[in-house]
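**Student:** Here's a structure for you.
Just so it is clear, none of the values below were taken in a lab; they were calculated from the coordinates. Note that the coordinates shown come from a computational prediction; the quantities given were computed from them, not determined experimentally. With ideal geometry, Cβ positions are generated from the backbone for all residues, glycine too; neighbour counts draw on all protein chains shown.
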Amino acid sequence: GESVGLHLPTLSVQEGDNSIINCAYSNSASDYFIWYKQESGKGPQFIIDIRSNMDKRQGQRVTVLLNKTVKHLSLQIAATQPGDSAVYFCAEINDYKLSFGAGTTVTVRA
Amino acid sequence: DGGITQSPKYLFRKEGQNVTLSCEQNLNHDAMYWYRQDPGQGLRLIYYSQIVNDFQKGDIAEGYSVSREKKESFPLTVTSAQKNPTAFYLCASRRGGGLTNYGYTFGSGTRLTVV
């Protein structure tokens with residue numbers, strides 16, 4: 001079946017460096033993608049989204065890139081801070097339903 | 001403040017018992033969703049409701065039941081038929097209005113443990 005997945009389950013980053021979290025998707029019919037951040041014991045928090053007709057979208061310290069040719073999504077976090085330590089999920093929307101990947105755990109080293 | 005409230009935060013259930021997880025939202029959102037999250041995994045859709053008095057099964061509906069009698073409430077019952085109910089349960093809501101209004105909001109979750 002088609003699903004959304006992340007390339008790496010864990011990522012360790014030095015404080016102040018940039019982080020790149022990757023996600024591969026296989027459902028070519030998906031028209032909208034969202035990145036979420038989840039801290040331990042809490043619900044997912046919206047970070048940034050992108051429509052399938054866009055290649056790039058920027059927010060505050062975050063950038064999402066979408067490559068439809070290879071069905072790849074990435075989240076870039078600039079100047080990673082200790083508060084960025086969390087699990088990051090990409091999700092795709094198809095028929096108003098969210099489908100999530102397994103997540104990448106980001107740990108920020110001081 | 002508007003938001004989604006899930007209760008209780010922690011819930012313990014004996015084997016063979018049914019339990020009901022509460023989800024209430026005051027965002028005036030049309031659609032509501034229940035997800036299950038297991039350790040190290042993403043969220044999987046249990047049930048969803050796009051309007052009052054209507055709901056559909058998600059990917060893992062077996063052993064669960066829901067109701068949507070009011071717009072602001074979408075309780076989830078974990079029945080004794082659910083063989084592995086220990087998990088973190090998340091409720092979400094979304095403003096309706098078609099493709100331009102995804103606006104999902106998540107609750108803070110209920111951790112259910114079978115004892």
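**Student:** Mind pulling up the Rg/Rh value for the protein assembly as shown? Radius of gyration and Kirkwood radius, both on Cα. Intermediate values should be presented prior to the final figure.
**Tutor:** Values: Rg = 17.6 Å, Rh = 18.1 Å.
With Rg and the Kirkwood Rh in hand, the quotient comes to 0.97.
**Student:** Right, next: Kindly rank A:36-46, B:104-114 from highest to lowest mean number of other beta carbons found within 10 Å of each residue.
**Tutor:** Taking the mean over residues of other Cβ atoms within 10 Å, the ranking is B:104-114, A:36-46.
**Student:** Label A:K42 and B:S108 with points 7 Å out from Cα along Cα→Cβ: what is the distance between them in nm?
**Tutor:** So the label points at A:K42 and B:S108 sit 1.0 nm apart.
**Student:** Compute the relative contact order of region A:44-86 as a whole-number percentage, counting only Cα pairs closer than 8 Å that sit 6 or more residues apart in sequence.
**Tutor:** 26
**Student:** Around A:Q45, with a cut-off of 9 angstrom between Cβ atoms, what is the net charge of the other residues, counting Lys and Arg +1 and Asp and Glu -1?
**Tutor:** +1
**Student:** Quantify how strongly other chains surround peptide A:98-106 by giving the mean number of their Cβ atoms within 10 Å of each of its Cβ atoms.
**Tutor:** 4
**Student:** Using Cα pairs under 8 angstrom and six or more residues apart, how large is the relative contact order of chain B, in percent?
**Tutor:** Result for chain B is 34 percent.
**Student:** Then there's this: Amide H of A:D17 versus every other amide H placed in the peptide plane: which residues, excluding those fewer than 5 positions away on the same chain, fall under 5 Å?
**Tutor:** The list, which skips near neighbours in sequence, is A:T80.
**Student:** Let me ask something additional. Can you pull the semi-axes for region B:1-73, root of five times each eigenvalue of the Cα gyration tensor, sorted largest first, whole Å?
**Tutor:** 21, 15, 14
**Student:** Would you give the gap between the C-alpha center of region A:58-110 and the C-alpha center of region B:46-115, rounded to a whole Å?
**Tutor:** 24
**Student:** Also, quick follow-up: Explain nothing, just the number: dipole magnitude of region A:35-110 about its Cα centre with +1 on each Lys and Arg Cβ and -1 on each Asp and Glu Cβ, in debye rounded to the nearest 20.
**Tutor:** 120
**Student:** Using a 10 Å cut-off around each Cβ, can you sort A:M54, B:M32 from fewest to most neighbouring Cβ atoms?
**Tutor:** The fewest-first ordering by Cβ neighbours comes to A:M54, B:M32.
**Student:** Would you calculate the separation in nanometres between label points at B:V115 and A:N67, each defined as 7 Å from the Cα along the Cα-to-beta-carbon direction?
**Tutor:** 5.1
**Student:** In chain B, if the dipole is taken from +1 on Lys/Arg beta carbons and -1 on Asp/Glu beta carbons about the Cα centre, which of B:F55, B:F88, B:V115 is farthest to the positive end?
**Tutor:** Of the listed residues, the answer is B:V115.
**Student:** While we're on this one: Could you list the square roots of 5 times each eigenvalue of the Cα gyration tensor of region A:29-87, that is, the equivalent ellipsoid semi-axes, sorted largest first and rounded to whole Å?
**Tutor:** Whole-Å semi-axes of the equivalent ellipsoid: 22, 14, 9.
**Student:** Now, a different point. Computed from the mean reciprocal separation of all distinct C-alpha pairs, what Kirkwood hydrodynamic radius does region B:32-107 have, in Å? Don't jump to the answer; show the numbers that get you there.
**Tutor:** On the way: mean 1/r = 0.0771 Å⁻¹.
About 13.0 Å, per the Kirkwood formula over Cα pairs.
**Student:** Here's another thing I want to ask about it. Give, rounded to the nearest 20 debye, the magnitude of the charge dipole that region B:28-71 has about its Cα centre when Lys and Arg contribute +1 at Cβ and Asp and Glu contribute -1 at Cβ. Please report the intermediate quantities before stating the final value.
**Tutor:** Values: 6 positive and 6 negative charges, 21 e Å.
The calculated dipole for region B:28-71 is roughly 100 debye.
**Student:** Evaluate the charge dipole of the protein assembly as shown about its Cα centre and quote only its size in Debye, nearest 20, assuming +1 on the Cβ of each Lys and Arg and -1 on the Cβ of each Asp and Glu. Intermediate results must be reported in sequence, preceding the final value.
**Tutor:** Details: 23 positive and 20 negative charges, 33 e Å.
Charge dipole, the protein assembly as shown, about its Cα centre: 160 debye, nearest 20.
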